[in-house]
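The values are calculated or read from the model by the stated rules, or taken from the named source; none is laboratory data. This is a predicted model, so every value here is computed, not measured. Please note: Cβ atoms are built from the backbone with ideal geometry, for glycine as well, and neighbour counts cover all protein chains shown.
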Amino acid sequence: MNNRILLIGGGGHCKSVLDSLITSFNFTDIAIIDTKENLGKEILNRKIIGTDDDLEKLFNYGYKNAFITVGSIGDTRLRRKLFEMLKKIGFNIPSIIDSSAIVSENAKLDRGIFIGKNAVINIGSVIGEGAIINTGTIIEHDCIVGEFAHIAPGTVLCGDVVIEENVHIGARAVIKQQIRIGNDSIIGMGSVVLNDIPPNSIAYGNPCTINWNKAKRKET
């Protein structure tokens, strides 16, 4: 395996991913891509060596692996754009799983997923491409987490929950079993979700209620 990897984005999410990556020992040459003004700076002793414009050159130089470390709260367009850019150039996009996480052998993981410290993913669950499963999250049996969803720290998904694409679930939310959260929705931190949430919604509270829905606003 090629042991060189680029992390794309030098913010807070990069620190979390980098910390997990360093302890995994899977990659010995780790470098970071960020904005031009940050060139030469370091994050956890790893240098920012280029910008998005340098990706193809660095691929040809020998960095064959890359991972998106730009975070997202309710807007995944940048993460998706970067993901497509990496695929077009030819990068391998691995999943990065913290050594303290517990992932069932009978769970299915797509590529480009981050699974943070002490997260648990149980039997039969499916995690889509580019998803973020953050610190201390519990994904119970037979859940589906869609592409580029972000499950924030301390969240609990009970069994058979479906989180569709581009959803953001706020920290310490609890989702009742067999609930579906629609595409592009945001669930506020600490919410207790007892009913399905339609796409394009912002919902929060205990019990969780819909505060805003894009489709309904267009109808009125």
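All conditions in (1) in a loop (DSSP other than H, G, I, E, B); (2) of a type outside the set (D, E); (3) outside the structural domain of E164 (by TED's automatic domain parsing) hold for G124, with the sole exception of (3). The number of residues in region 91-103 being part of a strand (DSSP E or B) and either among the aliphatic types (A, V, I, L, M) or touching a Gly at 6+ places or on another chain (Cβ under 6 Å) (or both) comes to 4. The residues in region 137-152 that are within 14 Å of the chain's Cα centre (by Cα), part of a loop (DSSP other than H, G, I, E, B) and without any contact (Cβ under 8 Å) to a residue 24 or more places away in the chain can be counted, and the count is 2.
Screening region 104-121 for residues that are buried (at least 19 other Cβ atoms within 10 Å of the Cβ) and outside any loop (DSSP other than H, G, I, E, B) and picking the one that is nearest to the chain's Cα centre (by Cα) gives F114.
Checking each residue in region 28-54 for being more than 21 Å from the chain's Cα centre (by Cα) and either among the small types (G, A, S) or closer than 18 Å to G112 by Cβ (or both) picks out G40, G50.
Within region 52-66, one or more residues are surrounded by fewer than 21 Cβ atoms within 10 Å (Cβ to Cβ), in contact (Cβ under 8 Å) with a residue 12 or more places away in the chain and among the basic types (K, R).
A Cβ distance below 7 Å, combined with a sequence gap of six or more or placement on separate chains, defines the contacts here; from region 95-112, residues that are at positive phi reach residues that are of a type in the set (D, E, K, R) in the pairs G112/E129. Within region 67-90, take every residue that is aliphatic (A, V, I, L, M) and assigned to a loop (DSSP other than H, G, I, E, B) and give me the one that is surrounded by the fewest Cβ atoms within 10 Å (Cβ to Cβ). Among residues in region 67-90 that are aliphatic (A, V, I, L, M) and assigned to a loop (DSSP other than H, G, I, E, B), the one surrounded by the fewest Cβ atoms within 10 Å (Cβ to Cβ) is I73. Scanning region 23-51 for residues that are in contact with a Lys or Arg (Cβ under 8 Å, 6 or more places away or on another chain), surrounded by 15 or more Cβ atoms within 10 Å (Cβ to Cβ) and aliphatic (A, V, I, L, M) gives I30, A31, I32, I43, I48.
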